[in-house]
1. State which residue is farthest from A:ASP52 (Cα to Cα) when the search covers only segment A:199-242 and only residues that are in contact with a helix residue (DSSP H, G or I) (Cβ under 7 Å, 6 or more places away or on another chain) and either basic (Lys, Arg) or at pLDDT below 85 (or both).
2. When the residues of segment A:2-28 are filtered to those that are within 14 Å of chain B (Cβ to nearest Cβ) and surrounded by fewer than 22 Cβ atoms within 10 Å (Cβ to Cβ), which remaining residue is nearest to A:PHE106 (Cα to Cα)?
3. How about segment B:1-26: which of its residues are surrounded by 18 or more Cβ atoms within 10 Å (Cβ to Cβ) and closer than 15 Å to B:VAL239 by Cβ?
4. Residues that are touching a helix residue (DSSP H, G or I) at 6+ places or on another chain (Cβ under 6 Å), at least 3 per element: which helices (runs of 4 or more DSSP H) completely within segment A:60-109 meet that?
5. Among the numbered conditions (1) more than 25 Å from B:GLY84 (Cα to Cα); (2) surrounded by fewer than 18 Cβ atoms within 10 Å (Cβ to Cβ), tell me where B:VAL152 comes up short.
6. How many residues does segment A:34-59 contain that are modelled with pLDDT of 90 or more and buried (at least 19 other Cβ atoms within 10 Å of the Cβ)?
7. Which of the residues belonging to segment A:61-82 are in contact (Cβ under 8 Å) with a residue 40 or more places away in the chain and touching a Gly at 6+ places or on another chain (Cβ under 6 Å)?
8. Could you list, in sequence order, the residues of segment B:274-294 that are under 16 Å from B:GLU372 (Cβ atoms) and either assigned to a strand (DSSP E or B) or touching a strand residue (DSSP E or B) at 6+ places or on another chain (Cβ under 7 Å) (or both)?
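The values are calculated or read from the model by the stated rules, or taken from the named source; none is laboratory data. Keep in mind that this is a model prediction, so the values were computed, not measured. Here the Cβ positions follow ideal geometry from the backbone for every residue, glycine too, while neighbour counts run over all protein chains shown.
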Amino acid sequence: MRALVAMSGGVDSSVAAALMKEQGWEVMGVTMKLWQGPDGEAPTAGCCTVSDAEDARRVAARLDIPYYVWDYTEEFMSGVVGGFIDDYLTGRTPNPCVECNRTVKFSRLLAHADALEYDLVVTGHYARITSDGGRYRLWRGVDPGKDQSYVLSMLGQAQLARLCFPVGDLTKDQTRRMAARLGLRTAHKPDSQDICFVGQGNYRDFLAGQGVAPAQGPIIHQDGRLLGVHHGITNFTIGQRRGLGVAVGEPLYVTDIDADSGIVTVGDRSDLGVDEATVENMSWVDRPVTGALLAQYRAHGRAVPAEVSLEDELTTVRFSEPQEALARGQTLALYVDEEVVGGGIIRTTT
Amino acid sequence: MLYLDHAASSPLRPEAWAAMEPFRHDVYGNPSGSHGVSRRAKNALEDSRDLAASLINAEPGEIVFTGGGSEADNLAIKGRALAGGRLGAIVTSPTEHDAVLGSAEHCRSFGSAVTFAKVTAEGLVDPAEVASHITGDTAVVSIMMGNNETGVRMPVEEVAAAVKDACPGVVLHTDAVQGYVSERVDVDVLGVDLLSLAAHKFGGPKGVGLLYVRSGTPLAPLVHGGGQELGRRSGTHNVMAIVGMAAAMAALEDERAAFRARVMGERDAFEATMAELIPDLVVTGAGAPRMVQTSHVRIPGVRNEMLLVRLDRAGLAASAASACQSGAATVSHVLEAMGMSPALARECLRFSFGWSTAEGEGVCAARLVAGEAGALR
């Protein structure tokens, strides 16, 4: 039985590869080259750097498994970066990691694993998959601090049947200890934090570097007062407090971004509250689940109680308590206790 | 194991190893010293220089040993651009090796004018067009002998005639790293002033090469120091590797005709069998002169990265021709210059034969490649 391990050069996928090898799988390591700068060079920070590929290559050599770097820069550019830019231009807050999982990792890489007759695609995500009478179920990883089930919430049965997340049963400490025990050079490598293609700069610099130069527009208070002028809606996300460029004494938050008019609306913290969200591109792990569920709308946010209803393809999530800083474009994942039941993209908030 | 990646590197020839072996213990002196231990090393170095020079119809003083083909290309381009204390202009083609293109780009960043002659869809330059780019500032014209990706053989002799006709004093460099493997080189017949070789492409050790520098061609050094190689390349010589390179050149020259016949036979059998089993196969540069050791093909509908994994698993080593620093296959600048779209370039693979290729390997490899490609279609 063959397993293709997506190796980022980090400790989690290194240990995932080691665990599969230990369990007797015929393992192959692949680093997905997702991004390159305009000059064609590999980035020097974030993921997919030359040194990350080198780390993955050395770990693969240590495990005595074949290893390749595959170029997915075109797929990543069209499927992830293009959408990322479009989202900001339309006043939405993108989640590129979810989009990468959906359009590149768990579609293209999975298809390529098929073509090479690999039974499983393995990643270092902190989440768990169980099978139950031929149906696959997706759960949070056992380490609550590292759980990554949120960015996997768009996975369905066809994909889960072919996936394996070996470190989902471990805590990060256990993963690191195992890497150290196996003598893997990535054992003490710091976790990656940044959006890989944005690197250590901020996303605004990235957008500017991509030639995104949105128009100026007004900043208006919820109460109708014109507070000032902004230099492009891409500089804002819902709930943002810093860097608004207006000072009126009281703390202000971005409450709405309207791409058509270019108006950025700000208000008090009390204006941030959202009672209800509609969700599009909803994907269910197995079959649709409605009623009293838990909803999570940030990668490391808390899951909060909500009532979920489904009507003509439109999923509506009504929160038990008003939620702050829910932004259009963000992923919303639905849970029953620790189990993921589905995920989608926030379309509207009220 | 079928090794069809000789254009990346060839195994060491036994003749090269035999020549290098005494250097394991016995010959360790610095050839620049004055005592007996040094003299032994110096003699070995100069014997190698004499041998290498004679094999390409050069004078010993025209040979500069370098740390490989890339260094030879760098020395040719930068050394010429910087010669005479000015930033001379460079004329080259877009399908050159990255060592030439990178050197030209580096010079450009300091002020050298760099112009590119166009290539046809078959990857050939037009000698008259190359010559048309020459100006009074031109320090070097660089057109490779055989392309390292496609195997297309450039008309270097005609380029030499055209550029010398346009401007008799202009200096012509050729990267013969691949071309020399399958074709005897006579620097006068080629009509070049500078010529790069890399030992490991023809069965010598890695990390050693040479630049032929026609007598009287001014060249600024890149490596300054002790003034070795008549000041053109300082640094203590890698005597063992240089001796191995010269021995590999001699071994190659000894079997020139047999090498060409055997390698071309296997390459042609490979392509014929491939064409039979994959009717829509496209051979790159099929209408152009090609080196006998290279087969660059496109298999429509098959992504090269995927096929390489299957071939690797089946025990066949080939290549997608160019890889970036991270190891990912990149869309080739050579194919791009020939007008191929990135999507088609991703379907191209290079199979390259060499001195250790055995009879029957061509057909055997073609069957294996066609089978694995079929599984991906």
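1. Per the criteria, the residue is A:PRO214.
2. Among those that are within 14 Å of chain B (Cβ to nearest Cβ) and surrounded by fewer than 22 Cβ atoms within 10 Å (Cβ to Cβ), it is A:ARG2.
3. The answer is B:ALA16, B:ALA19, B:MET20, B:PHE23.
4. Per the criteria, A:82-89, A:96-100.
5. Unmet for B:VAL152, out of (1) more than 25 Å from B:GLY84 (Cα to Cα); (2) surrounded by fewer than 18 Cβ atoms within 10 Å (Cβ to Cβ): (2).
6. Residues in segment A:34-59 being modelled with pLDDT of 90 or more and buried (at least 19 other Cβ atoms within 10 Å of the Cβ): 4 in total.
7. Matches in segment A:61-82: A:ILE65, A:TYR67.
8. B:MET274, B:LEU281
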